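Structure, as structure tokens:
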Amino acid sequence: MAASALLTVCVLCAATLRTGFGLHTVNAIYGETIDIPCGHSQDKINGLMFGKWKYEQPDGNAVSVATRSAVKNRTSFDDVPEYNGRLDLSENYTLSISKGRISDEKRFVCMLITEETVFEVPTVVKVFKPPSKPEITNQPTFMETGKLNTVGDCVAKDSYPDANITWYRNSQALVSVDGVVSIVSSKERNSTSGLHNIHSSLQYMSNKNDIDAEFSCAVTYYMPNGIAVMESDPVIFDIYYPTEKVTIHVQSPKKTIKEGDNITLKCIGNGNPPPQEFLFYLPGQEEGIRSTSAYLITDIKRNATGDYKCSLLNKVMIASTMVTVHYLDLSLTPSGDITKQIGDSLSVSCIPSASKNVSVTWMKNQKILTQPTFTNLQFRDSGVYECETSLLEVDGLRRKKTLRLTVEGKPRIKLSKKTNADGKSKTIVYEVDGFPKPEVQCVSLGNGLYLNKTEETTLSNGRYSAKIIISPEENVTIICSAENKLGRESHSLNISAIRIPEPVEPNDRSGESNDHAKLIVGIVVGLLLAALVAGLAYWIYSKRSSPASKHVGKELGNTEENKKLEENNHKLEA
């Protein structure tokens with residue numbers, strides 16, 4: 001017998017129909033599977049034959065959707081178009097509906113049938129659908145103060161059941177106020193899906209306090225576990241308001257302005273949008289210069305120091321600023337290339353002229369020195385002198401003047417000698433100064449030969465030194481001459497051939513004249529002659545008073561050396 005026929009027979013013959021076991025409610029999410037339990041434990045029902053599910057239509061008629069035989073453990077589904085392929089009935093008679101729809105929100109009844117009784121348990125299905133995230137559309141690009149502005153439309157789509165929209169400013173809820181806040185809301189239902197779309201429009205009277213204010217909307221809707229809220233992304237509007245104040249300032253790469261700089265005057269109005277054109281007034285000028293908000297001045301001069309102003313084109317709201325143009329001049333007397341003679345005096349002055357306090361620095365050959373004074377010029381005073389001045393607190397404002405001083409003079413030469421460690425060779429050292437640089441030649445008077453010298457070494461500015469190494473076989477006299485275009489000076493040294501150390505003659509650094517040098521030579525020659533006479537007298541005395549001895553030979557040797565030195569001196573005088 002078919003299950004439906006059996007059900008009819010059983011229902012007609014049933015002695016008892018048991019209902020009223022309580023109304024159950026199932027809350028489901030749109031699009032998800034709806035599980036509707038039967039509400040009875042079939043294990044406690046004796047003689048269960050099969051179970052059947054139906055739902056009630058609005059007109060009260062029932063529509064069967066599924067049947068499951070407890071005996072044959074087989075399930076069948078009725079041909080109901082809206083549930084084709086969407087139903088499943090488990091062994092415990094739980095009805096599952098996949099892809100839940102708003103139309104599934106019905107009163108379903110589970111029937112458990114025995115030979116004697118029919119058990120019915122009704123269940124109400126409620127379907128919930130959260131809306132899409134609310135979005136603010138039709139936003140303006142800006143809002144103006146003093147007027148009612150459209151903020152936008154808030155839209156929340158596809159909700160069930162219907163929802164409500166609330167507007168917020170900085171998280172504070174807005175309510176309608178005449179002339180200040182206007183909120184108009186509406187709802188529409190999709191006849192096919194049964195879902196609701198919620199709309200709300202906001203108009204708002206803005207002011208300067210709304211700068212950077214966040215406007216948002218939120219939708220309040222229902223879910224199985226209660227009321228839920230979803231917010232839109234906040235939006236911030238550009239608030240337009242008129243200019244109430246004008247300011248002017250100077251744009252410059254540096255904190256201070258110096259002569260020759262380029263500066264830009266910037267005039268700003270505090271309105272939004274800011275004004276784009278202004279009138280600029282330069283110091284001493286009555287008429288303004290029409291320009292954009294930036295006015296460029298190139299290669300500014302010191303006489304441009306003064307008060308600069310700007311205003312709106314209607315000549316109201318005037319702003320001003322003081323501009324100081326710093327400058328620095330430098331005078332060096334004398335300057336350039338200067339040539340002086342040794343012993344001369346030279347007066348030097350370096351005078352700055354500036355808009356602020358200055359510092360003055362003197363340098364010679366890249367070394368810092370104090371203010372130079374020249375009362376008795378020497379060769380060492382030659383060099384490049386720089387007077388540099390800088391303006392304190394003004395970066396990059398420096399001036400420098402140069403004096404190239406040359407001190408000229410005839411040569412001065414001095415000689416010294418020493419016996420080398422080998423006891424045979426002698427080293428003659430000459431030092432010479434003068435400018436232009438003197439040429440030096442050294443000659444041996446014994447044979448008239450020019451002597452080779454080592455490479456000259458610079459001792460200081462204008463002073464040079466060189467060495468001559470000889471190994472004399474006999475006593476000789478060396479004479480060295482230094483010469484430039486301004487004069488000539490010579491000095492001589494007597495060099496002994498005796499292989500004994502000779503004392504190093506003291507350095508002569510006083511720069512004596514040729515006459516002084518000749519006087520010294522004369523004294524040396526006189527001393528040598530006196531020694532020669534004394535030696536002869538002693539020799540004659542020894543000859544008469546005692547026989548010859550080794551000591552006499554030694555003295556004789558000294559006398560012979562003195563004779564040779566005397567002969568050389570006579571040649572030198574000649």
| said: Rolling a 1.4 Å sphere over the protein heavy atoms, what is the accessible area per residue of the range 253-295, to the nearest Å²? | reply: 55
| query | Carbon and sulfur: what percent of the range 222-351's accessible surface (1.4 Å probe)? | reply | 50
| If you take the square roots of the eigenvalues of the alpha-carbon gyration tensor of the range 177-217 and sort them as a ≥ b ≥ c, do you get rounded (a/c under 1.5), prolate (a/b over b/c) or oblate? | oblate
| Residues with amide H under 5 Å from that of Arg404, placed H, sequence gap 5 or more | Gly336, Asp337, Ile338, Tyr385
| said: Please report the spacing between the Cα centers of the range 72-123 and the range 422-454 in Å, no decimals. | reply: 135
| message | Report, to one decimal in Å, the Kirkwood hydrodynamic radius for the range 49-129 based on all distinct Cα pairs. | response | 13.3
| query | Using unit Cβ charges (K, R positive; D, E negative) and no other charged atoms, how large, in debye to the nearest 20, is the dipole of the range 306-417 about its Cα centre? | reply | 520
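Quote the charge dipole size of the range 395-485 about the Cα centre in Debye, to the nearest 20; the model charges only the Cβ of Lys and Arg (+1) and of Asp and Glu (-1).
Values: 17 positive and 11 negative charges, 140 e Å.
The dipole magnitude comes to about 680 debye.
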| query | Any idea of the accessible area per residue across the range 397-489, 1.4 Å probe, to the nearest Å²? | reply | 52
| task | Leaving ligands, DNA and RNA out of it, report the carbon-plus-sulfur percent of the accessible area of the range 429-472 at a 1.4 Å probe. | result | 51
| Put +1 on the Cβ of every Lys and Arg and -1 on every Asp and Glu Cβ in the range 97-168; which of Gly152, Thr166, Pro130 then has its Cα farthest towards the positive end of the dipole? | Gly152
| Which percent of the accessible area of the range 91-207 is formed by carbon and sulfur heavy atoms (probe 1.4 angstrom)? | 45
| task | Pull up all non-local amide H partners of Glu32: gap of 5 or more, or a different chain, and H-to-H distance under 5 Å with H placed in the peptide plane. | result | Gly100
| Gyration tensor verdict on the range 291-367 (Cα atoms; rounded if a/c is under 1.5, prolate if a/b is larger than b/c, oblate otherwise) | prolate
| How would you order 160-169, 132-141, 374-383 from highest to lowest mean count of nearby Cβ atoms within 10 Å? | 160-169, 374-383, 132-141
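The values are calculated or read from the model by the stated rules, or taken from the named source; none is laboratory data. Since we're looking at a predicted model, the values are computed, not measured. Glycine gets a Cβ as well: all are built from the backbone with ideal geometry, and neighbour counts include every protein chain shown. When the accessible area is computed, the model is the full protein with side chains, heavy atoms only, and any ligands, DNA or RNA have been set aside. Shrake-Rupley method; radii C 1.70, N 1.55, O 1.52, S 1.80 Å.
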